[in-house]
Amino acid sequence: MRCYVVELHQLNYDAINSGPEVVISNDGDDPGDGRNSKPEVDVVVRWYDDVSAPRRRCPFQLITDMDEIQKVHVPISVSFALMVGYIAVGALLFSLFEDWEYLVASYFCFVTLSTIGFGDYVPGTSLDASASQERMVLCAFYLVFGLAVLAMCFDLMQEETKNKFRSLGRRLGLIEADN
């Protein structure tokens with residue numbers, strides 16, 4: 001059996017009152033000797049659409065022009081608060097797990113997440129070896145996720161600073177306005 005399927009995709013509209021129409025036509029003669037063979041049939045699927053039906057916009061659209069994409073501006077204070085909050089939560093966890101003072105734990109989080117890494121404080125060096133494996137896995141997850149969060153925050157802060165100085169330059173007449 002030969003099947004031919006034709007599909008019509010509509011990117012911008014939903015078809016409300018439409019459905020498939022199957023048209024089956026026989027090719028004619030049976031190509032075999034009649035034993036254990038089936039006649040070849042062409043199956044064509046056509047999509048019919050009621051043109052009078054009201055249409056609505058599809059929530060998903062294909063964006064072809066980069067100017068249509070709107071940039072999101074995150075204030076520097078939000079990025080800074082996220083960084084400080086993440087370091088504070090990590091300092092609390094390390095002060096509880098490693099029996100460090102809160103200031104030492106916050107120092108460790110900042111030095112490690114900013115990739116300075118002096119190595120003067122190392123987690124997992126306590127004498128309790130039974131729970132050290134779980135703590136090291138938790139520490140690794142915290143640090144890997146934290147590196148991504150801090151990199152994102154630094155990038156957002158850099159973009160916002162560039163936008164602020166570009167706006168200031170336009171107001172002062174040092175930079176020509178974009179058309």
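Each reported figure results from applying straightforward, stated rules to the coordinates on display, with no laboratory input. This one's a predicted model, so the numbers in the text were calculated from it and none came from an experiment.
Given 0.36 nm per residue, what is the gain on full extension from Q70 to N163 after removing their alpha carbon distance, in nm? Mind dumping the intermediate values first?
Numbers: separation 93, 0.36 × 93 = 33.48 nm, distance 1.41 nm.
Here the answer is 32.1 nm.
Give me the percent relative contact order of the stretch 76-172, please, defined on Cα pairs under 8 angstrom at least 6 residues apart.
Values: 59 pairs, mean separation 32.0, N = 97.
Once normalised by length, the contact order is 33 percent.
Using only the Cα atoms, work out Rg/Rh for the stretch 76-172, with Rh taken as the Kirkwood radius, to two decimals. Please report the intermediate quantities before stating the final value.
On the way: Rg = 17.0 Å, Rh = 14.9 Å.
With Rh from the inverse mean 1/r over Cα pairs, Rg/Rh is 1.14.
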